[in-house]
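Worksheet: the structure to be examined is printed underneath.
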Amino acid sequence: SFDHVINLVWNFWDTMRTDMNGLPYYMNHQVWEEHFNDRRGIGGDQLQMALSAWGLLYRYSGNERVKANMCFLADYYLGHSLSPSDSKWPDIPYPYNTLIYSGNYDGDMVIGPGYTQPDKAGSFGLELVNLYKMTGLQVYIDAAIRIANTLSTNTSPGDSLSSPLPFKVNAITGEVGRLTKSLNDMTALASSSYTSNWSPSLNLFLELDKLGKGRIEDYRKAFDLILSWMKDYPLRNNRWGPFFEDVPGWSDTQINAMTFARFIMEHREYFPGWKNNVNGIFDWVYGRLGNRTWEKYGVVVINEQTAYEVQGNSHTARQGADELLYTSLTGDSSRYKNAVRQLIWSTYMTGDDGRNSYPNGEIWMTDGYGDYLRHYLRAIATDPRLATPDENHIVFSSSIMQQVDYHVQSNKILWDPGDNVPGIRPQIRYRTFDNTGFEIIRMTEKPAAVHLEGKALKETLAGEGYSWKALKEGGVLKINRLNGRQVIVYY
């Protein structure tokens, strides 16, 4: 069922109708309507979520249309959303199209033109780094560097009422957004000065540091300030704050909390007590946003946020995927059953035609597409047994995939003259960005051979090579690369 909904969701997005201004519907609106156009513009992280999900989907499917859509999203958004270079907050994207059919993104959904959301700029910058790794196009890394420069320049220590970067700010003037004229209305003020959605920005700084690109020292200082603040405040008091652009007041959101929980698990070196940290976040989510309506069916699902306590498809799927990651890291299987059932429950939101609706019937381009599909791909990467046994899929890589080909045909042009090996045929071929790393592939049968840069790898559990674990149907192939980027798997 997971593979099925992945394909349904992508196909609906890929074949969505063109809007009256010549753009795909999802470039103008955040909610799908079949017979008319919803009057709301895009969601604040709508395109970033799609880029995040499609990068994982390309690895899983090898579908070149996925990669092409990623480039389209990034190219158009870069060309129609950035604040002027002479602004107080230059070269970062606006999250919303205040004139719906203008084709331009120029402000914030609630406050209006000129206001931006720095946390969404950080997530876009991170996706641009990944797209640079995938395509090698310099324009993406240059734009990511400019975003990181703006964010790092404006990072402060923060405090209990203000995060190191504000949630909403006027990019031109630098004024923090205010939804009321009353300075005593701390709720309205805090909703613009505070958010904890800084995990993407932290990853942006880390990635640029690894690549050695941009103002590295500035990124390191900003990283330290944000990370210290995350540890001192939201991780201690569970004040996770707003994420969604359409909520005018304060709200604590599951996405902020759980995105940081995943950051902790993926960067355990910064968190000596990471298990307690993650469990503390889990406890807060279930205590404040756990929805037990379906508990009689054996599953506890997750509400979106405190200001909108409605069970969500992407939010419940996120919880399941992240708890599977915790299970894999700790060996604690007590959360496994509910996590898988959360993912199963969320599949029921997807119709046969790929329309992925919220419980109230609305089909969000965020919750139903980018921020839905990626959680299934992450869950499968954590536990390959959840992938379909009927097809071959690269479910995990420690590197960004530049090229993936499944079902390689003999008449296709191969990368190297030595790709053809007598008696066996290439079945999977891929190229990574990093020269060292590892991949996990769910396969229908054990391969006859695995080649790295044209040389056969040994079947071994240590060092460079590959290992095979048989399952009831097919099995799991793990490839460890120490000095190479191009791999061919033969049958």
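The values are calculated or read from the model by the stated rules, or taken from the named source; none is laboratory data. This structure is a prediction, so every number in the text was calculated from the model and none was measured. Every residue, glycine as well, gets a Cβ built from its backbone with ideal geometry; the counts of neighbours run over all protein chains shown. Calculation scope for accessible area: heavy atoms of the full protein, side chains included, ligands and nucleic acids excluded. Shrake-Rupley method; radii C 1.70, N 1.55, O 1.52, S 1.80 Å.
Here is how the numbers come out for the structure above:
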quantity	calculated
Tally of residues being in a helix (DSSP H, G or I) and either under 15 Å from VAL301 (Cβ atoms) or among the acidic types (Asp, Glu) (or both) across segment 324-374	15
Which listed residue, of ARG17, ARG59, ARG40, is under 27 Å from ALA171 (Cβ atoms) and either of a type in the set (Lys, Arg) or open to solvent by 10 Å² or more (accessible area, probe 1.4 Å) (or both)	ARG40
Answer residue from segment 126-164, given it is of a type in the set (Gly, Ala, Ser) and not in a loop (DSSP other than H, G, I, E, B) and is surrounded by the fewest Cβ atoms within 10 Å (Cβ to Cβ) among those	ALA143
Number of the exception - LYS120 against (1) open to solvent by 30 Å² or more (accessible area, probe 1.4 Å); (2) out of contact with any helix residue (DSSP H, G or I) (no Cβ under 6 Å at 6 or more places or on another chain); (3) in contact (Cβ under 8 Å) with a residue 24 or more places away in the chain	(1)
Long-range neighbours under 9 Å by Cβ, at least six apart or interchain, first residue outside any helix (DSSP H, G or I) within segment 54-78, second open to solvent by 40 Å² or more (accessible area, probe 1.4 Å)	GLY62/HIS407; ASN63/ASP14
Criterion violated by ILE380 - all others in (1) part of a helix (DSSP H, G or I); (2) of a type in the set (Val, Ile, Thr); (3) over 18 Å from the mean Cα position of the chain (by Cα) satisfied	(3)
Subset of segment 220-250 (residues that are over 15 Å from SER156 (Cβ atoms) and part of a helix (DSSP H, G or I))	ARG220, LYS231, PRO234, LEU235, ARG236, ASN237
Qualifying positions in segment 221-266 - among the small types (Gly, Ala, Ser) and under 17 Å from PHE167 (Cβ atoms)	ALA222, GLY241, GLY249, SER251, ALA257
Condition broken by ASN435, with the remaining ones in (1) at pLDDT 95 or above; (2) among the polar types (S, T, N, Q); (3) part of a strand (DSSP E or B) satisfied	(3)
Flag for GLY320 being in contact with an Asp or Glu (Cβ under 6 Å, 6 or more places away or on another chain), touching a residue at least 12 places away in the same chain (Cβ under 8 Å), buried (at least 16 other Cβ atoms within 10 Å of the Cβ) and at negative phi	no
Any chance ASP332 is out of contact with any Asp or Glu (no Cβ under 8 Å at 6 or more places or on another chain), crowded, with 17+ Cβ neighbours inside 10 Å and not aromatic (Phe, Trp, Tyr)	no
